[in-house]
Structure formats: structure tokens, C-alpha cells
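For reference, the structure discussed in these notes is given below.
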Ligand code: NVA
């Protein structure tokens with residue numbers, strides 16, 4: 001039996017990404033129709049970092065799929081400290097249908113997947129936030145009138161180019177055939193190997209990916225404007241050093257005015273008004289952040305349905 005995991009955006013193919021997004025549109029329209037976890041079968045939701053949307057959307061989604069969400073505070077379990085990741089994976093894998101984990105290093109979630117025997121889902125690591133990008137692609141697809149309309153759309157991201165959101169936009173956006181521009185200071189460029197992977201994907205899908213410090217060029221004619229906190233979870237000790245480099249990359253009304261007339265603004269949240277974007281943008285008419293937050297639920301339900309169907313042997 002083969003088991004499929006979602007450890008980063010490119011754990012699935014571009015065609016599979018489109019299939020999951022279409023399924024998300026279907027489950028959003030009829031929330032309780034698909035119940036592959038009926039029984040209920042349990043899904044473990046573990047987190048080693050703070051959470052609101054991840055806990056909410058996975059636990060609600062698992063319940064709507066007929067299952068039982070077993071939420072575990074990572075500090076309580078001490079995954080990789082109190083006992084090894086491999087041992088935790090083996091114990092969980094005997095009792096749950098899937099494992100959802102928010103953690104630090106990508107190596108940790110890879111080790112979990114190697115030993116679990118059930119699908120493992122990345123609910124944010126230091127390098128990637130692929131569930132959020134699925135939700136964001138769903139939000140953009142709704143806005144543009146279909147999953148097929150993602151290709152060719154320009155998504156411009158402003159801020160920390162080395163964080164999980166920027167790196168997942170590069171991979172996930174390239175898979176969807178989009179033009180992804182990461183606008184960031186030179187010291188905060190994405191990891192070279194992740195940019196290289198996104199470029200290789202873009203060659204196959206017809207997408208374009210680039211990294212620049214030129215804010216105006218990045219914003220020009222963008223269909224989607226995205227940003228994220230300047231201080232990601234785990235970087236709190238660097239907060240002071242991270243205050244000034246990103247100021248020129250703040251999304252404000254002047255930046256939005258450079259984007260396409262129908263451009264929308266997205267943000268994974270939590271958001272800090274007056275820092276990465278002004279209140280006028282996130283609370284303004286172009287903001288889609290509440291749809292985006294809701295779409296975590298629908299995108300992740302579709303992902304779980306798809307992973308479970310592909311892993312049941
Ligand atoms: N880049 C942010 C995303 C929060 C959902 C962080 O890792 O804290």
C-alpha cells in the first residue's frame with residue numbers, strides 16, 4: 001500500500017493540485033456530503049507552535065468529514081524530546097487515519113512521514129505553509145471564476161522572502177502556472193534550492209517566478225497582492241532587527257494603486273496593522289482575508305479526502 005503525504009506544496013503534482021482545488025469547491029458547496037472519516041476515525045492534529053486557524057480549520061474539517069479530531073499540544077507530547085519522532089509516528093500511525101503537524105524544521109515532518117504509515121500533512125514548518133497556499137489558490141480561483149483561471153495570474157508578495165509563506169507561494173504558484181514575484185530585501189531572499197525548484201516547476205507549467213527588491217515593478221499589474229508578518233513564529237528574538245528592513249515593502253494604498261484595477265489583497269493572518277500592511281488595505285474593499293481564512297477549512301477537507309482515498313490501498 002502506498003501512502004501519500006503533503007509535506008510541501010510540491011509533494012503533489014500540478015494536476016493533483018488542480019484536482020484538490022476543484023474538490024475544495026465541491027465540498028465548500030455541500031459541507032457534510034463527503035464523510036470518509038465516518039466511524040468516527042481519528043486524525044491527530046499536533047502543534048509545536050502557536051495556532052488559531054490551523055487548530056480551528058482542521059478540527060472543524062475533520063469533524064465535518066465524520067471523524068474525530070485529536071488535538072495535541074506539542075509541548076505536552078514533547079515530540080522529538082520526550083520521545084523520538086519515529087516512535088511518536090509509529091504509535092500515532094496505529095491509531096489514527098492521518099497526522100497533521102505544525103512544527104519547526106522540515107526534517108522533523110519528513111521523519112514523521114517516514115515512520116507513520118498514514119498520510120502526514122504539513123500544517124506549517126519553518127520552510128513551508130502549503131495548506132495556507134492551497135487555501136489562497138482556492139480564494140484566487142473563486143475570485144477569477146475557476147481553477148483553470150489561475151494560470152497566468154500575477155501574484156506579488158511583499159515582505160520576508162525567506163519565510164514559509166514566500167517559499168510556498170513560489171512552489172504552489174509555479175505549480176498553478178502563475179507569475180509569482182517575491183519582493184524582498186536582498187538579505188531575505190528565499191532559499192536558493194527552493195527558488196531553483198520553483199523555477200524547474202515553472203519551466204514545466206509555463207509559470208514565471210522571480211525575486212526582486214523593486215517594489216513598484218513587483219506591484220505593477222499584479223492580480224493578487226500578498227504579504228505576511230515580518231516576524232514569523234520562532235523569530236521573536238530577532239523582532240527588533242526585523243523592524244526596519246521591510247518598511248519599504250509595506251502594502252499600502254499607494255502600492256495597491258500600482259496593481260491591476262481588480263487586484264485583491266490576501267494575508268494568511270495573524271496580521272499586524274501598521275507594519276506589513278496598513279489598516280486601509282486589510283480592512284478595505286480589496287481585502288479577501290476572511291474568505292481566505294474560511295478557505296483553510298474547505299481546502300484542507302479536500303486535501304484530507306484526496307490523501308485518504310489515495311492511501312487506503
Ligand atoms: N510566516 C508566519 C505564518 C503564520 C501563519 C509564521 O510562520 O509565523
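Here, each number is a calculation from the coordinates, and none is a lab measurement. Predicted model only: the values in this text are computed from it and were never measured. Cβ: placed from backbone, ideal geometry, glycine included. Neighbour counts: every protein chain shown.
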Checklist outcome for this item: Ranked on Cβ counts within 10 Å of their own Cβ, fewest leading, 148, 9 go 148, 9
Checklist entry - Among 71-80, 115-124, 301-310, how do they line up from the highest to the lowest mean number of other beta-carbon atoms within 10 Å? => result 115-124, 301-310, 71-80
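Is the shape of region 128-198 rounded, prolate or oblate, going by the alpha carbon gyration tensor and its root eigenvalues a ≥ b ≥ c, with a/c under 1.5 for rounded and a/b larger than b/c for prolate?
prolate
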Next on the checklist: Can you compute the FRET efficiency between residue 294 and residue 196 using 1/(1 + (r/R0)^6), with r the Cβ-Cβ distance and R0 = 25 Å? Round to the nearest 0.05.
Outcome noted: 0.15
Item to check | the chain: relative contact order in percent, alpha carbon pairs under 8 Å with at least 6 residues between | outcome: 21 percent
Item to check | Set of region 5-32 residues, backbone N closer than 19 Å to the point 7 Å along the Cα-Cβ line of residue 203 | outcome: 10-11, 13-15
Next on the checklist: Averaging over every viewing direction, what projected area does the convex hull of the Cα atoms of the chain cover, in nm²?
Outcome noted: 14.9 nm²
Checklist entry - How many nm separate the modelled label positions at residue 243 and residue 33, each set 7 Å beyond the Cα in the direction of the Cβ? => result 5.2 nm
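Regarding region 161-238, what's the average projected area of the Cα-atom convex hull, expressed in nm²?
Its average projected convex-hull area is 5.2 nm².
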Next on the checklist: I'd like the distance between the alpha-carbon centres of region 211-273 and region 1-63, rounded to an integer number of Å.
Outcome noted: 28 Å
Checklist entry - In nanometres, what is the gap between the two model label sites at residue 49 and residue 75, each 7 Å from Cα along Cα-to-Cβ? => result 1.6 nm
Next on the checklist: For a protection proxy built on the mean count of beta-carbon atoms within 10 angstrom, sort 56-69, 205-218 highest first, please.
Outcome noted: 56-69, 205-218
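Calculate for the chain the 222 nm mean residue ellipticity that helices alone would give, adding -39,500 (n - 2.57) per DSSP H run of length 4 or more and normalising by residue count, nearest 500 deg cm²/dmol.
The helix-only estimate for the chain comes to -12500 deg cm²/dmol at 222 nm.
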Item to check | Residue order, fewest to most surrounding Cβ atoms within 10 angstrom, among 129, 298 | outcome: 298, 129
